[in-house]
Amino acid sequence: MAPSAKSLRVPYLVVCPGLQLDWGKVEGLQETLGRNGVCSNYSGKSAEYTWACIRAFRGGTALFTQPPMPIKCAGAPQKIMYLAACRWMRQRQVANPTIEFCLAGDALFGVPFFVPPLEQAVAR
């Protein structure tokens, strides 16, 4: 089945849902969050699983997303990406991982002063 607007086939999915934690807004998310490669660092119940997925990642494309503002913590979706990239580079467990960051809003961060250095970090 080809991915569509309603389905996506990926080995791991880190969900950053936004300001209100409403897992029910994504069909099937509540049932699979914290297992089957679906994780979010916004849930205490699945944060440890997020790290387990990062440790288990052996290659391919790692997709990190950030919804449009306002969100609970604008840095959280980025922080987990930076931590994952750092782990993969230092541990050399993943040869040339493809890391994609999909930003749904207009700005990488709500405080303009921090945007240029964050853009540089994302580019690296």
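Among Cys53, Cys39, Cys73, the largest mean-square fluctuation in a Gaussian network model of the chain, built with springs joining Cα atoms closer than 10 Å, belongs to Cys73.
Placing a pseudo-label 7 Å from each Cα along the Cα-to-Cβ vector at Phe113 and Thr98 gives an inter-label distance of 3.8 nm. Computed on the chain, with alpha-carbon pairs under 8 angstrom and 6+ residues apart, the relative contact order is 24 percent. In this rough spin-label picture, where each label sits 7 Å from Cα along the Cβ direction, the Arg87-Glu27 distance is 3.1 nm.
Counted over segment 13-123, the DSSP beta bridges are approximately 10% antiparallel. Within a straight-line Cα-Cα reach of under 19 Å, Lys79 can be paired with the following aspartates and glutamates, leaving aside sequence neighbours fewer than 8 residues apart in one chain: Glu48, Glu100, Asp106, Glu119. Pairs of Cα atoms nearer than 8 Å and 6+ residues apart set the relative contact order; for segment 29-78 it is 24 percent. Derived from the Cα gyration tensor, the three semi-axes of the equivalent ellipsoid of segment 13-123 are 21, 21, 10 Å, largest first.
Only the coordinates and a few stated rules stand behind these numbers; no lab work does. Bear in mind the structure is a predicted one, so any value in this text is a computation, not a measurement. We place every Cβ from the backbone using ideal geometry, glycine too, and count neighbours over all the protein chains shown.
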